[in-house]
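Student: Structure in structure tokens, see below.
The values are calculated or read from the model by the stated rules, or taken from the named source; none is laboratory data. Computed from a predicted model, the values in this text were never measured in an experiment. Positions of Cβ are backbone-derived with ideal geometry, glycine not excepted, and every protein chain shown enters the neighbour counts. These area figures cover heavy atoms from the full protein model, side chains too; ligands, DNA and RNA do not enter into them. Shrake-Rupley method; radii C 1.70, N 1.55, O 1.52, S 1.80 Å.
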Amino acid sequence: MTAVAGVLEGLILIPVPGQAGPLPPEVPAVALAIGGTHLIPLTDDVRARCHQADGDASTVEGFHELTQGIARWAQQLSRGWMVLYAHCEFFGGDGIHAAIAWYQESVIFGPSFTRTRGEPADPPYQVAVRPDMAINAGLRALGIQASGGHDEFATIGLGKHRWTNNWLTE
């Protein structure tokens with residue numbers, strides 16, 4: 001995919017009733033459309049902080065962008081939240097989703113890699129229809145329910161901005 005009309009990469013924090021931890025104070029977290037959920041946009045600044053603290057910027061197998069350092073940080077955050085790493089890229093309706101989730105420092109969803117039907121899927125990506133794209137499936141697995149004729153991605157408010165950095169204008 002050479003031209004991209006949108007890239008979103010972030011950690012979605014979903015509260016566990018009676019157990020939601022504090023938001024990390026050192027990075028921006030944006031409230032999403034479902035009460036108590038937040039997005040930590042994985043901007044260059046957030047990535048740099050994470051990699052400086054962890055020292056490991058190598059990517060997790062299968063992922064284009066998820067690094068070992070960010071994965072370990074997400075795992076730590078999962079002590080007080082359900083945490084979904086979400087990465088998507090779209091152009092003209094075609095695109096990819098990658099997702100993995102942790103709770104209590106264990107993987108509880110994924111990893112999942114999906115691509116829309118518009119282009120061939122190179123492993124580990126699999127072709128999926130929109131309701132079964134990795135981020136929708138991950139949100140569903142963590143208890144987010146689609147509503148109002150929208151998928152989980154739209155229901156939680158992830159369609160509000162096409163680019164990761166635009167979330168910081170909130």
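Student: Sorted by mean Cβ packing within 10 Å, highest first, what order do the peptides 21-28, 160-167 take?
Tutor: Put in order of decreasing packing, that is 160-167, 21-28.
Student: Which percent of the accessible area of the range 51-157 is formed by carbon and sulfur heavy atoms (probe 1.4 angstrom)? Mind dumping the intermediate values first?
Tutor: Working: 2390 of 4980 Å².
Carbon and sulfur together cover 48 percent of it.
Student: For the chain, what does the helix formula give at 222 nm: sum of -39500 (n - 2.57) over DSSP H segments with n ≥ 4, over the residue count, nearest 500 deg cm²/dmol?
Tutor: Values: 4 runs with 33 residues, N = 170.
-5500 deg cm²/dmol, from helical runs alone.
Student: Show me the ranking of peptides 80-89, 107-116, 126-135 by mean Cβ neighbours inside 10 Å, starting with the highest. Don't jump to the answer; show the numbers that get you there.
Tutor: On the way: 80-89: 23.7, 107-116: 19.6, 126-135: 17.0.
Listed from highest to lowest mean packing, they are 80-89, 107-116, 126-135.
Student: Could I ask something else about it? Report which label in [x] 12.8; [y] 10.1; [z] 9.5 holds the value of mean projected area of the Cα convex hull in nm² derived from the coordinates of this structure.
Tutor: Computed from these coordinates, mean projected area of the Cα convex hull in nm² corresponds to label [z].
Student: Can you give the local net charge around Gly62? Use residues other than it whose beta-carbon is closer than 14 angstrom to its beta-carbon, Lys and Arg +1, Asp and Glu -1. List each step's numbers first, then the result.
Tutor: Working: positive: Arg115; negative: Glu61, Glu65, Asp122.
Computed value for this residue: -2.
Student: Kindly state, to the nearest 0.05, the FRET efficiency for Gln126 paired with Asp44, given R0 = 30 Å and r defined as their beta-carbon distance.
Tutor: Values: r = 30 Å, r/R0 = 0.98.
Efficiency for this residue pair is about 0.50.
Student: For the range 72-170, what is the accessible area per residue in Å² when the probe is 1.4 Å? List each step's numbers first, then the result.
Tutor: Working: 4780 Å² over 99 residues.
Accessible surface, normalised per residue, equals 48 Å².
Student: Mind giving me the nanometre distance, one decimal, between the label points for Thr169 and Val107, set 7 Å out from Cα along Cα→Cβ?
Tutor: Each label point lies 7 Å from its Cα, and together they span 3.6 nm.
Student: Less than 15 Å Cβ to Cβ from Val83, Lys/Arg counted +1 and Asp/Glu -1: what total charge do the surrounding residues give? Working shown, then result.
Tutor: Values: positive: Arg72, Arg79; negative: Glu9, Glu105.
Residues close to Val83 contribute a combined charge of 0.
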